Amino acid sequence: MCIRDRGYNTLGAWSAYNLFDRIPYTHTFIFRHEGRVKWRRFVKNHPDVFDPYWRSIVRNTIAEVAQRLKNDPYLIGYWLDNEMHWGSDSFDKNTLLETYMSVPYSCPGKQKVVDFLIERYGGDIKEFNRVWRMSLKSFDELLDTKRLGRSGWCIQGRAQEDVQAFTQLVAHEYFNFTTSVLKEYDPNHLILGTRFHCEGVPAEVIKECGRYCDVVSVNYYRLNRFMYDPVKYIKCFLYGSVPLDRWMKRYYTVSGRPLIIGEFSVVAGDSDLSYLLGGSTKIVRTQLDRAKYFRWYAENCLRNPYIVGYHWFAYVDSNDRNFGLVDTYDNPYSILVGCMTQINDNIYRLHGKQ
């Protein structure tokens, strides 16, 4: 299938853009797995941003890629990462403050969070113990402490303020460092954010992303029966994240940046390649229902002027997943692709109406 003839105008993350000729594309960096630290209970979906070793890897990776792509007129910009852990969510209940506390003091991030807490409390160990329900004799004991006295629902009041302040500090370090290095090696292209996952992230992270990135990106899988997805909305409330209702308008308000939907999709139960995935993926009955879902989703995006783009996941079925525009033999799902082509051919007119 020739995607140009179908009106598609960009290639999203993970695309083999070297196989396509003269189509605008994006490049994806993955920095969250780099570095030396292994977090307690978490599989490295967040790096130690204070670790010089991690920073050296990021700099070397950016330098190698950006110097090669900086003059490419078909490159739109760079994704800095994908679905990083920024706070308490279904993947890990720990806040970033708890995550950074969970490792030995030899880790730069642990040293930073201990210094952060000492400064926050002006060296007053009694006040710290009261807020965090600890019984430490001095702040020196924090060096070997991996768990704080409050966690989960118990993190409230001043303890919650500590979490928010440290989260913002980490986000600032991450976005400030990665974007400054990227602009050093490639000042010509956009920085497209980190493709936030669809359970939402803390407001502090969104603010820092908007401060340093040109675009805020979210991988937004959602239902189409409600104005918002009740389960995701409740999770955002429980985890202290900004909810994704009303087509991410609060993300736009908090960040002050336009939004891109990094990926969305839907699978159909009538395909031999589909299976019940659960989680964030929507299941519909037929390929016609897939087309109807896409139209509903795309028209909602186009109705909101702060959303400047969206990418479908993915081009081809793989690993027994019916996410594709084509099956594993490159046969298009004609009903879905036909609907997409109709929207694609009118996308500027539709978006311009709003």
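The values are calculated or read from the model by the stated rules, or taken from the named source; none is laboratory data. Predicted, not measured: the structure shown is a model, and the values here were computed from it. Every residue, glycine among them, receives a Cβ derived from its backbone with ideal geometry; neighbour counts consider all protein chains shown. Only protein heavy atoms, including side chains, enter the accessible area calculation; ligands, DNA and RNA are left aside. Shrake-Rupley method; radii C 1.70, N 1.55, O 1.52, S 1.80 Å.
Of K232/K292; K112/K137; K70/K282, which sit over 30 Å apart, Cα to Cα?
K70/K282
How large is log10 I(q)/I(0) at q = 0.09, 0.12 Å⁻¹ when the Debye formula is applied to the Cα atoms of the stretch 34-172, each weighted equally and without solvent?
Rounded to two decimals, the profile gives -0.33, -0.54.
Based on the alpha-carbon gyration tensor of the stretch 63-136, what equivalent-ellipsoid semi-axes (square roots of 5 times the eigenvalues) come out, in whole Å, largest first?
Equivalent-ellipsoid dimensions as semi-axes: 39, 16, 11 Å.
Scale the Cα Rg of the chain by the rule-of-thumb value 2.2 N^0.38 Å and send over the ratio, two decimals.
Taking the Cα Rg and dividing by 2.2 N^0.38 Å, one obtains 1.07.
Could you provide, to the nearest whole Å², the per residue accessible area of the chain with probe 1.4 Å?
47
Report relative contact order for the stretch 42-126 in percent, whole number only (criteria: Cα-Cα under 8 Å, sequence separation at least 6).
Result for the stretch 42-126 is 29 percent.
Where the accessible area of the stretch 1-147 is counted over protein heavy atoms with a 1.4 Å probe, how much of it, in %, is carbon and sulfur? Intermediate values should be presented prior to the final figure.
On the way: 3530 of 7320 Å².
Roughly 48 percent of what the probe reaches on the stretch 1-147 is carbon or sulfur.
Quickly rank 3-9, 332-338 as a protection proxy: mean count of other C-beta atoms within 10 Å, highest first.
Top to bottom by mean Cβ count within 10 Å: 332-338, 3-9.
Specify whether the C-alpha gyration tensor of the stretch 1-72 places it in the rounded, prolate or oblate class, a ≥ b ≥ c being the square roots of the eigenvalues: rounded for a/c under 1.5, otherwise prolate if a/b is larger than b/c and oblate if not.
Note, shape of the stretch 1-72 comes out oblate.
Given H placed 1.01 Å from N in the peptide plane, which residues other than close sequence neighbours of Y310 have an amide H under 5 Å from its amide H?
Result for Y310 returns I261.
If you bin the C-alpha pair distances of the stretch 158-252 every 5 Å from 0, what whole percents do you get?
All Cα pairs considered, the percentages come to 2, 13, 21, 21, 17, 13, 7, 4, 1, 0.
Output ³J(HN,Hα) for the stretch 232-237: one whole-Hz value per residue in order, computed from phi by the Karplus curve 6.51 cos²θ - 1.76 cosθ + 1.60 with θ = phi - 60°, and x for Gly and Pro.
Values per residue, Gly and Pro as x: 5, 5, 5, 4, 4, 5 Hz.
Quick check: convex hull over the Cα atoms of the stretch 103-235, volume per residue in Å³, rounded to an integer?
141
Using +1 at the Cβ of each Lys and Arg and -1 at the Cβ of each Asp and Glu in the chain, identify which of I234, V316, S138 lies farthest towards the dipole's positive end.
Among I234, V316, S138, the one farthest towards the positive end of the dipole of the chain is I234.
How large a share of the accessible area of the stretch 305-354, in percent, is made up of carbon and sulfur atoms when the probe is 1.4 Å and the other protein chains stay in place? Please list the in-between numbers first.
Numbers: 1440 of 2750 Å².
The computed percentage sits at 52.
In debye, nearest 20: dipole of the stretch 295-341 around its Cα centre with unit charges on the Cβ of K, R (+) and D, E (-)?
Around 280 debye, computed over the stretch 295-341.
Only Lys, Arg, Asp and Glu count, each charged at its Cβ (+1, +1, -1, -1), so figure out the dipole size of the stretch 102-167 about its Cα centre, rounded to 20 debye.
Details: 11 positive and 9 negative charges, 52 e Å.
Roughly 240 debye, rounded to the nearest 20.
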